[in-house]
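Each remark here refers to the structure printed beneath this line.
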Amino acid sequence: MAESRSEREAHIKDRAGWVITVIAALLAVTTYIANGISSQVLTNTMQLNDTWSFYQAKSIKQTIAENARDDAAARRDTKKVQELTARIDRYESDPVKNEGKQELMARARALEADRDEARKHSPWLTFASSTLQLSIVLLSASILAVSMGMFYASIGVGIIGAVLMAQGIWLWFPL
């Protein structure tokens, strides 16, 4: 005996309700992780800009000190030449304060690497989020249309979204 529309509708509603709950939870986790990565990229970019600005300021000061040293050398002021040479050397590298150009450049390069690594995750999580949202829409439509075919298609789309989410988190296949 064939199921009536109301029996099929109740059957799909029961199943779809559980699947929507699971996919919505995956979507929430994906969004949470994506927001954290986005914040990390933004924070690293701001710190990176500050570090390169500090590096540039040190470079300008070093150039001014070099010009002053050249003037002192032309005047044969050896004490001033020694003082400026020590200052120039500190602008180039200051491991005590960790604020020399070499240290700043190393810090900036590390921030760039961290930012670039975080950026690799973003597209995957964006794709995962969109796919999981599409799965929820298809599940809702399967309830309204009382269509098991659409229900199974939405599960397939949800699985693709979960795989994209996993790729976004762990980067199994780096591109």
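The values are calculated or read from the model by the stated rules, or taken from the named source; none is laboratory data. Since the structure is predicted, the reported quantities are computational estimates derived from the model, not experimental observations. Cβ coordinates were reconstructed from backbone atoms using ideal geometry, including for glycine residues, and neighbour counts include every protein chain displayed.
In region 47-75, which residues are closer than 30 Å to HIS121 by Cβ and acidic (Asp, Glu)?
Once the filter is applied, which keeps residues that are closer than 30 Å to HIS121 by Cβ and acidic (Asp, Glu), region 47-75 yields only ASP50.
Return the total of residues in region 33-59 being out of contact with any Lys or Arg (no Cβ under 7 Å at 6 or more places or on another chain) and either over 19 Å from ILE160 (Cα atoms) or crowded, with 18+ Cβ neighbours inside 10 Å (or both).
Total satisfying the criteria: 18.
So which residues in region 61-78 are among the charged types (D, E, K, R), more than 19 Å from GLN102 (Cβ to Cβ) and in a helix (DSSP H, G or I), if there are any at all?
Within region 61-78, ARG69, ASP70, ASP71 meet the criteria.
Determine whether region 79-86 contains at least one residue that is among the acidic types (Asp, Glu) and either in a helix (DSSP H, G or I) or in contact with a strand residue (DSSP E or B) (Cβ under 6 Å, 6 or more places away or on another chain) (or both).
The answer is yes, given that some residue of region 79-86 is among the acidic types (Asp, Glu) and either in a helix (DSSP H, G or I) or in contact with a strand residue (DSSP E or B) (Cβ under 6 Å, 6 or more places away or on another chain) (or both).
Within region 87-134, which residues are of a type in the set (Gly, Ala, Ser) and assigned to a helix (DSSP H, G or I)?
Answer for region 87-134, where residues must be of a type in the set (Gly, Ala, Ser) and assigned to a helix (DSSP H, G or I): ALA106, ALA108, ALA110, ALA113, ALA118, SER122, ALA128, SER129, SER130.
For region 18-25, state whether one or more residues are out of contact with any helix residue (DSSP H, G or I) (no Cβ under 9 Å at 6 or more places or on another chain), in a helix (DSSP H, G or I) and surrounded by 12 or more Cβ atoms within 10 Å (Cβ to Cβ).
No, region 18-25 contains no residue that is out of contact with any helix residue (DSSP H, G or I) (no Cβ under 9 Å at 6 or more places or on another chain), in a helix (DSSP H, G or I) and surrounded by 12 or more Cβ atoms within 10 Å (Cβ to Cβ).
Sort out which residues of region 137-165 are part of a helix (DSSP H, G or I), farther than 12 Å from VAL19 by Cβ, more than 30 Å from the chain's Cα centre (by Cα) and in contact (Cβ under 8 Å) with a residue 60 or more places away in the chain, and write them in order of number.
Listed by number, the list holds a single entry, MET148.
Yes/no per residue for (1) surrounded by fewer than 15 Cβ atoms within 10 Å (Cβ to Cβ); (2) within 27 Å of GLU7 (Cα to Cα); (3) modelled with pLDDT of 95 or more:
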site	(1), (2), (3)
ARG107	no, no, yes
LEU125	no, no, yes
LEU132	no, no, yes
ILE136	no, yes, yes
PHE151	no, yes, yes
GLY156	yes, yes, yes
GLY161	no, no, yes
LEU171	yes, no, yes
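Can you go through ASN35, ASN44 and tell me which one is within 30 Å of SER122 (Cα to Cα), in contact (Cβ under 8 Å) with a residue 24 or more places away in the chain and either out of contact with any Leu (no Cβ under 6 Å at 6 or more places or on another chain) or assigned to a helix (DSSP H, G or I) (or both)?
The match here is ASN44.
Pick from LYS79, LYS58: which is of a type outside the set (S, T, N, Q) and more than 30 Å from ARG119 (Cβ to Cβ)?
Of the residues listed, the single one that is of a type outside the set (S, T, N, Q) and more than 30 Å from ARG119 (Cβ to Cβ) is LYS79.
Please identify the pairs in which a residue from region 61-80 that is under 16 Å from TYR91 (Cα atoms) and surrounded by 11 or more Cβ atoms within 10 Å (Cβ to Cβ) has its Cβ atom under 6 Å from the Cβ atom of a residue that is hydroxyl-bearing (Ser, Thr, Tyr) and at pLDDT 95 or above, counting only partners at least 6 apart or on another chain.
Once the first residue is under 16 Å from TYR91 (Cα atoms) and surrounded by 11 or more Cβ atoms within 10 Å (Cβ to Cβ) and sits in region 61-80, its partners that are hydroxyl-bearing (Ser, Thr, Tyr) and at pLDDT 95 or above give LYS61/TYR91; GLN62/TYR91.
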